[in-house]
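For reference, the structure is listed below as structure tokens.
The values are calculated or read from the model by the stated rules, or taken from the named source; none is laboratory data. All figures in this text were calculated on a predicted structure; none of them were measured in a lab. Cβ coordinates were reconstructed from backbone atoms using ideal geometry, including for glycine residues, and neighbour counts include every protein chain displayed.
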Amino acid sequence: MISALHLIMIVAAATSLCCVLGSRRTRSVTAVGGTVLMVAAMADLAFGLVGLPPLGWTGILLGWAMVAAGAARWRERRTEAHVVSSASASPGGIPADAAAVADRRHLHLLHQLGLVVVAGQIALCSAMTGGSATGGQGAGGSGAMAGLTHPHSVSIFVAVVCVAGALFVLAAAAMVLVGRRSRSERGNLLSMSVMTAAMAVMPFG
């Protein structure tokens, strides 16, 4: 069961990477980098190729999510002047590219949230398995999560991560159904949803 889930997560992460690379609207250094990190994390957790503890991948993904959020904000500031000037020149008040900018912002925001959710799921898997079911076994994974061994702490963490994962899947599904999306964008949203769902099952498999 676990090996099948690992395979699903790796395939989903690799598909997400291909979709990000194939999408002109969502392709960026931060989006590609974050997806590459997710592929690397899934492969390392399955095969121990790098041997990084789960808590290490959690920190890396959370750190990259913050970098991506900062870069996205910087890009927004650069485009705000263009959108405002276009709006003043447009008789209708709101130019067509303003909606496109907002839609692209939502896609990038969902990708950043996906990084946070996956990071939390990796930490949850480590907390519930003591770090022994991952490529980081014996590298400090169980000790790093020792603070979550209390039943109440684990219960709260499980609830938070499960709710966050469910909300992410629902948000991705809504974005697939609403708005005009390219095949690459739909594929990215669906593959990240599949990876998130597989990760949610992992601690209980």
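In this structure, Gly93 does not satisfy being touching an Asp or Glu at 6+ places or on another chain (Cβ under 9 Å), over 27 Å from Gly22 (Cβ atoms) and either aliphatic (A, V, I, L, M) or at pLDDT below 70 (or both). Mind checking which residues of region 4-46 are buried (at least 23 other Cβ atoms within 10 Å of the Cβ), modelled with pLDDT of 90 or more and either among the acidic types (Asp, Glu) or over 13 Å from the mean Cα position of the chain (by Cα) (or both)? Cys19 - this is the single residue of region 4-46 that is buried (at least 23 other Cβ atoms within 10 Å of the Cβ), modelled with pLDDT of 90 or more and either among the acidic types (Asp, Glu) or over 13 Å from the mean Cα position of the chain (by Cα) (or both). Any residue at all in region 76-86 that is within 22 Å of the chain's Cα centre (by Cα), in a helix (DSSP H, G or I) and modelled with pLDDT of 65 or more? Yes: one or more hits. When Pro54 is tested against (1) buried (at least 20 other Cβ atoms within 10 Å of the Cβ); (2) of a type outside the set (A, V, I, L, M); (3) on the phi > 0 side of the Ramachandran plot, just one condition goes unmet, and that condition is (3).
Would you mind stating whether Ala46 is in contact (Cβ under 8 Å) with a residue 24 or more places away in the chain and in a helix (DSSP H, G or I)? Yes, satisfied.
Residue-wise test of (1) in a loop (DSSP other than H, G, I, E, B); (2) at pLDDT 80 or above; (3) not small (Gly, Ala, Ser).
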position	(1), (2), (3)
Ala139	yes, no, no
Ile156	no, yes, yes
Ala159	no, yes, no
Cys162	no, yes, yes
Arg180	yes, no, yes
Ser191	no, yes, no
